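The numbers here are math on the coordinates, done by the rules we state, and not lab data. Given the structure is predicted, the values throughout are model-derived calculations rather than measurements. Cβ coordinates were reconstructed from backbone atoms using ideal geometry, including for glycine residues, and neighbour counts include every protein chain displayed.
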Amino acid sequence: MTFINYASREINCKIVYYGPGLCGKTTNLQHVYDSTATGAKGKLISLATETDRTLFFDFLPLELGSVRGFKTRFHLYTVPGQVFYDASRKLILKGVDGVVFVADSQEERMDANIESLYNLEENLKDHGYDLLKLPYVLQLNKRDLPTALPVADLIGELNRKDEPVHEAIAAKGTGVFDTLKSVAKQVLTELRKS
Amino acid sequence: MVNSTIILREQHHLQIKTVLDKLRMDATARIAFLVDKAGQPLAVNGDIGDLDTTSLASLAAGNVAATDGMAKLIGEREFPTLSHEGEHESLYICVIGRALLVVVFDERSSLGLVKLRVKQASRDLATVLDTIAREMLENKDAETAFFDEITDDDIDSLFN
């Protein structure tokens, strides 16, 4: 749900990073945080367990610049990837403007990717959204690992609507900003269309 | 998009700020601010100092969403108010439709006083929020005309 504030001339949008446990959602946000100038970002809030697993969400406010005199602010959220935190995942999708699905490229995580993607579609439906109509990007993370499946195989299983696909190694920052730009652009384009 | 966009015009922003200002004074509170349920801060009033209101708004929304989830599990529609009392600083959150009124107060005030003053402010804010929703519906095309002017180049320029 985009919020347009004419008083402060700001456009605020919400982007959610979704995906199975340990796929690299928090790592994406951490890299964005580490690589962004101080004036363009807020605090990175992580509601995590004692073992640094996301318990509720991570949150990073980011300012991208101005469009026609309006500042564009993006609020980036991650969801907890572990299966048993489904209630929390659903809550975080409330008011979402765009989704990044972070897939783990490793062969042994393919089932977890498929389950998480199905879970995303179901949770979006519960909020009245249709993944096919929402700004959406697929990120294939962990491309550097030896058990990473070929890109074509991952796309074959996970592609939903010819969405933009970005290969990434979030731990090294590769592909992180390409993914963010891709979804942010779709969100702003959708705003114009709507 | 399913959840309609909120468009806040200057006059409505001013009206909200006026209500928040009165609430803050009447309740002897430090800060009063209005947040949308998805975590976007709509308006803030008070002694913000170096308080990170963006993060506070996001966490308040997460807090309300989580307690709403618990409410549903035990058969309640929602918990309309939440309070968190600390040693020196406290928080009171009240749900007003799709918005949340968040009040930060310290020892100079009390939970009872804040609750009392929030009741009136909630009614006033609900009226303003209803007006905003109605006007957005009536003037949908005019409200979003600005976005028709955004070009692909404008969007691309953000990422250069």
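Quick notes on this one:
- The longest part of chain A holding none of the exposed loop trypsin sites (Lys or Arg not before Pro), meaning those outside H, G, I, E and B in DSSP with at most 13 other Cβ atoms within 10 Å, is A:69-159.
- Tail beyond 21 Å, pair distance distribution of segment A:81-194 (Cα, percent): 38
- Cα gyration tensor category, rounded, prolate or oblate, for segment B:1-93 with a/c compared to 1.5: oblate
- Separation of the A:F84 and A:T49 label points, Cα + 7 Å toward Cβ, nm: 0.7
- Binned Cα-Cα distance frequencies in chain A - 5 Å width, integer %: 1, 8, 17, 21, 22, 16, 9, 4, 1, 0, 0
- Dividing the convex hull volume of the alpha carbon atoms of chain B by its residue count gives 153 Å³ per residue.
- Note on B:28-41: average number of Cβ atoms from other chains within 10 Å of each residue's Cβ is 4.
- Other protein chain C-beta atoms within 10 Å of residue C-beta, averaged over B:50-62: 4.
- Estimated inter-spin distance, B:L113 and A:D126, nm [label 7 Å along Cα→Cβ]: 4.2
- Cα-based shape type of segment A:18-127, given that a ≥ b ≥ c are square roots of the gyration tensor eigenvalues and the cut on a/c is 1.5: prolate
- Cα-based Rg and Dmax for the protein assembly as shown, where Dmax is the largest Cα-Cα distance (Å): 20.6, 64
- Number of partner chain Cβ atoms within 10 Å, mean per residue of A:183-193: 4
- Cα-Cα pairs of segment A:116-179 separated by more than 17 Å (percent): 48
- When the charge dipole of the protein assembly as shown is built from unit charges on Cβ atoms (+1 for Lys and Arg, -1 for Asp and Glu) and taken about the Cα centre, the candidate among A:V183, A:S8, A:G19 whose Cα reaches farthest toward its positive end is A:S8.
- Placing +1 on the Cβ of every Lys and Arg and -1 on the Cβ of every Asp and Glu, with nothing else charged, gives chain A a dipole about its Cα centre of roughly 1060 debye.
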